[in-house]
Amino acid sequence: MSSKACTIASVGTPEQDKKLRESIAALHGGHSLVQILQAAQEIYGYLPEASLEVIASELDISPESVYSVATFYSQFTFSPKGKYAISVCLGTACYVKGAGEIYSKIKEKLGVEDGGCTADGKFSLDACRCMGACGLAPVLSINEDVYGKVTPDQIDGILKKCD
Amino acid sequence: MVRSHILVCGGTGCHSSGSDKLYTLFESELAAAGLGDEVKVIKTGCFGLCALGPVVVVYPEGAFYSQVGAEDVKEIVTEHLLKGRLVKRLLYTETVAEDTILSLDSTDFYRKQKRVALQNCGVIDPEDINEYVAYDGYMALAKVLTEMKPEDVVAEILNSGLRGRGGGGFPTGTKWKFAAAQPAGEKYVCCNADEGDPGAFMDRSVLEGDPHCILEAMAIAGYAIGASHGYIYVRAEYPIAVKRLRIAIAQARETGLLGGNILGSGFDFDVDIRLGAGAFVCGEETALLNSIEGRRGDPRPRPPFPAVKGLFGKPTIINNVETLANIPRIILNGADWFAAMGTEKSKGTKVFALGGKINHTGLVEIPMGTTLREIIEEIGGGIPDGKKFKAVQTGGPSGGCIPAQHLDIPVDYDNLTAIGSIMGSGGMIVMDEDNCMVDIAKFFLEFTVDESCGKCTPCRVGIRRMLEILEKITAGQAVPEDLDTLEGLCYFIKENALCGLGQTAPNPVLSTLRYFRDEYDAHVREKRCPAGVCKKLLSYTIDPEKCRGCTLCARNCPTNAISGELKKPHVIDTAKCIKCGACIDSCKFAAIYRR
């Protein structure tokens, strides 16, 4: 990361940037870096590098210290998600019921790595740790929709629904 | 006049299988049938029997409808609510008798349960403070504010014998006593709702089903230690819980049960929410404090303990959700009532999230001292598909795998520790003969390696070395000495890691080495995975008797490892085979074996 924070003119659209500055102003007051990062991710859908620099400059701390917190938490992502963000639960209950196989199958089908996005921006794939829907294991979610008791042969059908 | 209530489960499991839609459908169908004023639909918290979700219960009859689909709503409304005829095909079979419905408490799943922490889940509408109040809500807070001195409250909790339900099992009253003894001034009450153990979801269910009880408990704790502010640190992955907490806080403030001068007592207390950002280590209390302060969730060395120097450097108590859920009930019913349940050193009840290879997956709350066998075979309904029980895992990534020979031990903190596992937060995952214990140990280490914060070397480097050895073992490349190195590393890391995450990370390996050594040996010495899970140790063969030579497998094989003429048996070239299993998936004649 460079330390040219003050020269950053824009991160996303003007509305998004305005929202970010408003959120920082509203939450400013120490101890709020995690909350500000959460707000930024909500605004942009991920954390663009430039947004970290804006936050650093507004809070008057080094970009490195913002980066250090942002990389610590798995909630924060530095690349955009796909139109359909797939999340496969690899919690214990799902894992013992074969979630690992489902995950590798989707990975293979989409040709993406963990946390990756397809070239056309349609799908992104993540593994997550327990959605608390263990009664339906194995579970995956696509955006807000949860699919329970998934079997490998259902995957094609589930992916086809995303159009 | 409302004559019937329809309770639709709004817990995570049922929500995921579409209970929201059921709720709106019921509303519209009832309106269409002209029953809008007579029948009330309520979205509740979790009933516990998630395996049969979505769950709908109709009162006053107590009809427990399971696996209700959108297409069933109309039938329930027209048959049950208009004509008074039960929809038998949807009733939970165990509650169906000749011509009446049996009480839920008589079913195998509920009979041995005792709901204390979960008492309001699946009973009240969590988004309505009046329903909580109608079930004695905020009575305990009123009692402590009007009848008890702070030291009486601490004494009551101490006498109850309540221990932390988040995993550590530290006596709650002792924590409170330490914090109360600190000089008056700014102090904090934190609720640890960063439920990170994959496979445990009781805290989520309490927050979703009974959020006010947590607010009430935090206010009681605040009064006991002299704090006027509290924080709930809750996972961002729990959107429903967060939403209901926000509603609950707003309602409590509006009615004067949070804020300044509560119930005219001169006691001030308010609560804020902080969202976790996805880091397992933040369930560790000092890491959680750092995270609330907006920093990386690195654990802090102890001492100083949080009770002395915690959040923002002030005395702080951190209690888990389930622990707090017990507090109002202890205050109202007395320490003796609570201490009468459970075993000598573990009082009260414990909620377990029963999952994995078990028929009745869901949430169960049992008195401490219930045996694992009762939980798995009676409440849980045993293993599906006639498979054989292999192990039950408790305590998540910090716990261990318990084999069949220990199923008759009464569950409490000390007994589980003695057999190499821990109580943990209450995840209980059942495994059958198809699960490979080496693979499970590897699974947990992948988790802890991922979640290690990197602050101390034993955890950051040590666990990674352990994982590498397990990867060698599951790939068939290990030598017998590797097992000794693995075990040595376990003990070293247990003794030297900075926080609970590192100190307990070796537990899944140690317990599987202790009880399933033969599986490790099979992997290392015979290069064989007895459960048929570890891919690199499997070999695929085609049964020439069953193969019709349809060529489908050969066409699906990504490495062209399968050859053969049309309509003649095919063969797999094991040198080329990458063991992906595509051939098995494509074969229509079950002619391919994996061993």
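The values are calculated or read from the model by the stated rules, or taken from the named source; none is laboratory data. Since the structure is predicted, the reported quantities are computational estimates derived from the model, not experimental observations. Methodologically, a virtual Cβ is constructed for each residue, glycine included, from the backbone with ideal geometry; neighbour enumeration extends over all protein chains shown. Remember, those area values only see protein heavy atoms, side chains included, never the ligands or the DNA or RNA. Shrake-Rupley method; radii C 1.70, N 1.55, O 1.52, S 1.80 Å.
For the stretch A:57-77: of the residues being of a type in the set (Ser, Thr, Tyr) and part of a loop (DSSP other than H, G, I, E, B), which is farthest from the other protein chains (Cβ to nearest Cβ)? Walk me through how you get there before you give the answer.
Here is the first cut: in the stretch A:57-77, the ones of a type in the set (Ser, Thr, Tyr) are A:57, A:62, A:65, A:67-68, A:71, A:73-74, A:77.
Of the ones still in play, those that are also part of a loop (DSSP other than H, G, I, E, B) are A:62, A:73-74, A:77.
On the way: A:SER62: 14, A:TYR73: 3, A:SER74: 4, A:THR77: 10 Å.
Of everything passing the filter in the stretch A:57-77, A:SER62 is farthest from the other protein chains (Cβ to nearest Cβ).
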I'd like the residue in the stretch B:211-254 that is among the aromatic types (Phe, Trp, Tyr) and in contact with a strand residue (DSSP E or B) (Cβ under 6 Å, 6 or more places away or on another chain) and, out of all such residues, is least open to solvent (accessible area, probe 1.4 Å). B:TYR233
Among B:VAL58, B:VAL73, the single one that is open to solvent by less than 10 Å² (accessible area, probe 1.4 Å), closer than 23 Å to B:ASP128 by Cβ and in a strand (DSSP E or B) is B:VAL58
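Within the stretch A:140-154, how many residues turn out to be part of a loop (DSSP other than H, G, I, E, B) and under 15 Å from B:SER19 (Cβ atoms)? Show your work before the answer.
Filtering the stretch A:140-154 down to residues part of a loop (DSSP other than H, G, I, E, B) leaves A:143-144, A:148-151.
This time we only want the ones that are under 15 Å from B:SER19 (Cβ atoms), so: A:144, A:148.
Of the residues in that region, 2 qualify.
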Please indicate, with yes or no, whether at least one residue in the stretch B:314-327 is within 14 Å of chain A (Cβ to nearest Cβ) and hydrophobic (A, V, I, L, M, F, W, C). yes
Cβ contacts < 7 Å: first residue facing chain B (nearest Cβ under 8 Å), restricted to the stretch A:80-103; second residue open to solvent by 40 Å² or more (accessible area, probe 1.4 Å) and at pLDDT below 90, any location; separation 6+ or different chain. Result? A:LEU90/A:ARG129; A:GLY91/A:ARG129
Across the stretch A:96-135, the tally of residues that are under 20 Å from the mean Cα position of the chain (by Cα), over 23 Å from B:ALA353 (Cβ atoms) and in a helix (DSSP H, G or I) stands at 4
Within the stretch B:416-433, restricting to residues that are touching a helix residue (DSSP H, G or I) at 6+ places or on another chain (Cβ under 9 Å) and of a type outside the set (A, V, I, L, M, F, W, C), the one that is farthest from B:GLY381 (Cα to Cα) is B:GLY420
Given the condition away from chain A (no Cβ under 14 Å) and either touching a His at 6+ places or on another chain (Cβ under 6 Å) or within 17 Å of B:GLY400 (Cβ to Cβ) (or both), answer yes or no: does some residue in the stretch B:456-463 qualify? yes
All-but-one check, B:ALA287 against (1) open to solvent by less than 10 Å² (accessible area, probe 1.4 Å); (2) small (Gly, Ala, Ser); (3) free of Cβ contacts under 8 Å to residues at least 12 places away in the same chain, failing number (3)
What helices (runs of 4 or more DSSP H) completely inside the stretch B:173-260 contain at least 2 residues that are modelled with pLDDT under 95 and within 13 Å of chain A (Cβ to nearest Cβ)? B:202-209, B:239-254
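Give, as residue ranges, the helices (runs of 4 or more DSSP H) completely inside the stretch B:432-505 that count at least 2 residues that are among the charged types (D, E, K, R).
On the way: elements: B:437-451, B:463-474, B:480-496, B:500-504.
Ranges flagged: B:437-451, B:463-474, B:480-496.
On the basis of being more than 14 Å from every other protein chain (Cβ to nearest Cβ), at pLDDT 95 or above and either open to solvent by 40 Å² or more (accessible area, probe 1.4 Å) or not in a strand (DSSP E or B) (or both), does B:LEU158 make the cut?
Details: more than 14 Å from every other protein chain (Cβ to nearest Cβ): yes; at pLDDT 95 or above: yes; either open to solvent by 40 Å² or more (accessible area, probe 1.4 Å) or not in a strand (DSSP E or B) (or both): yes.
Judged against the criteria, B:LEU158 is a match.
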When you go through (1) farther than 24 Å from A:GLN41 by Cα; (2) under 19 Å from the mean Cα position of the chain (by Cα) one by one for B:ALA277, which number turns out not to apply? (1)
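Of everything in the stretch B:255-270, what is in contact (Cβ under 8 Å) with a residue 12 or more places away in the chain, open to solvent by 10 Å² or more (accessible area, probe 1.4 Å) and not polar (S, T, N, Q)? Give them in sequence order.
Start the filter on the stretch B:255-270 by keeping residues that are in contact (Cβ under 8 Å) with a residue 12 or more places away in the chain, which leaves B:255, B:257-258, B:262-263, B:265, B:267-270.
Restricting the remaining residues to those that are open to solvent by 10 Å² or more (accessible area, probe 1.4 Å) gives B:255, B:257, B:263, B:265, B:267-268, B:270.
Matches in the stretch B:255-270: B:LEU257, B:LEU263, B:PHE267, B:ASP268, B:ASP270.
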Within the stretch B:271-280, is even one residue within 14 Å of chain A (Cβ to nearest Cβ), outside any helix (DSSP H, G or I) and either open to solvent by 60 Å² or more (accessible area, probe 1.4 Å) or farther than 17 Å from A:SER74 by Cβ (or both)? yes
Result of the Cβ filter at 7 Å on the stretch B:211-231, keeping first residues that are farther than 15 Å from B:GLU186 by Cβ and partners that are among the basic types (Lys, Arg) and part of a helix (DSSP H, G or I), at least 6 apart or interchain, is B:PRO211/B:ARG244
The correct count of residues that are in contact with a helix residue (DSSP H, G or I) (Cβ under 7 Å, 6 or more places away or on another chain) and within 8 Å of chain B (Cβ to nearest Cβ) in the stretch A:132-163 is 10
Residues of the stretch A:118-134 satisfying the condition of being touching a residue at least 12 places away in the same chain (Cβ under 8 Å), within 18 Å of B:GLY18 (Cα to Cα) and open to solvent by less than 30 Å² (accessible area, probe 1.4 Å): A:ALA133, A:CYS134
Leading residue by the ranking (modelled with the highest pLDDT) among those in the stretch A:1-46 that are more than 25 Å from A:LYS81 (Cβ to Cβ) and within 14 Å of chain B (Cβ to nearest Cβ): A:HIS31
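Can you pull out the residues in the stretch B:534-553 that are within 30 Å of B:GLU471 (Cα to Cα) and in a helix (DSSP H, G or I)?
Residues of the stretch B:534-553 that are within 30 Å of B:GLU471 (Cα to Cα), as a first pass: B:534-542, B:553.
Within the stretch B:534-553, B:LYS535, B:LYS536, B:LEU537, B:CYS553 meet the criteria.
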Return the pair list, or none, for Cβ contacts closer than 8 Å from residues in the stretch B:411-427 that are touching a residue at least 12 places away in the same chain (Cβ under 8 Å) and more than 15 Å from B:PRO397 (Cβ to Cβ) to residues that are open to solvent by less than 10 Å² (accessible area, probe 1.4 Å) and charged (D, E, K, R), at least 6 apart or on different chains. B:VAL411/B:LYS350
Being out of contact with any Ser or Thr (no Cβ under 7 Å at 6 or more places or on another chain) and not in a helix (DSSP H, G or I): is that true of B:GLY166 here? no
